[in-house]
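Inspection log for the structure reproduced underneath, given as C-alpha cells.
What follows is calculated from the coordinates using simple rules that are stated; it is not laboratory data. Computed from a predicted structure; not experimentally measured. A quick note on method: Cβ atoms are made from the backbone with ideal geometry, for glycine too, and the neighbour counts reach across all protein chains shown.
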Amino acid sequence: MHPVNRNSTVARYFSGLTEQTFQSQLGVVDTELIDYISDLLVRFIHNDDIFKIRDLSGRRLDAIGQMLREADARIGQARREIHQHIGDFTLFWTGLYPEALQPDRSSSEERAETSPPSNYAVLGKRAYFIASTIPLDPEKDASGNLLQRLSDRFELCAYGLREVRREWERRDDDEGSPRPFLIN
C-alpha cells in the first residue's frame with residue numbers, strides 16, 4: 001500500500017476537488033469524511049492499492065465475492081481491513097466509474113433486476129458497516145464511527161465522487177490540466 005502524502009500535488013488536487021464538491025455543492029461539512037474520500041482517491045491512483053487484497057497463498061483477489069470469502073476466513077483487524085477495503089473498492093467504482101459496472105447487455109435473460117452499481121452500493125454499505133462493528137483498541141483507532149458514517153452515507157459519497165469526476169473532466173476540458181490516472 002502506498003502511503004498518502006497530503007502535501008503532494010495530486011493529494012492537494014484531489015483534496016481541493018473533494019472539499020469543493022462535498023462542501024459547496026452537497027453541503028457536507030464532515031471534514032473527516034471528506035479527508036477520507038480524498039485520501040481514497042490518492043491511494044487508488046495506484047492499481048496495486050485498488051487490488052491489494054490477497055488470499056493466504058498470495059493470489060490477488062479482484063472480485064467482490066472473492067474478497068468477501070477472504071474476509072469471512074479472517075478475524076479481528078485483518079477481517080476489519082478487508083471489509084473496509086471492500087467498502088473503499090465499491091465506493092470507488094460506484095462513484096467514479098459506474099459505467100464499468102454496467103451489466104452485459106448481450107443476453108436479456110442474464111440481466112439482474114438490480115443493476116451492478118446498486119449491488120455494489122449494497123455490498124459497500126454492508127462492508128463498511130461490518131468493519132465499523134469490529135472492535136479495535138479505541139485509543140489507537142477511532143475510525144469505527146467514520147466507517148459507520150461511510151455506510152450510512154454511501155450513496156451520497158458515491159454521488160459526490162461522480163461530481164468530483166465531472167469537475168476534473170470539466171477542468172481538463174477547460175484548462176488543459178492533467179487527468180488523474182491509475183499507476184500500476
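Observations on the model:
- Under-5 Å amide H pairs with His46, H placed in peptide plane, nonlocal only: Ile183
- Backbone phi angles across the range 19-26, fed through the Karplus curve with coefficients 6.51, -1.76 and 1.60 (θ = phi - 60°), yield HN-Hα couplings of 4, 4, 5, 6, 7, 7, 7, 9 Hz in residue order; Gly and Pro are listed as x.
- Averaged over residues, the count of other Cβ atoms within 10 Å places the peptides 60-67, 155-162, 84-91, 18-25 in the sequence 84-91, 155-162, 18-25, 60-67, highest first.
- Positive contributions from Lys and Arg (+1) and negative ones from Asp and Glu (-1), summed over other residues with Cβ under 12 Å from the Cβ of Leu33, come out at -4.
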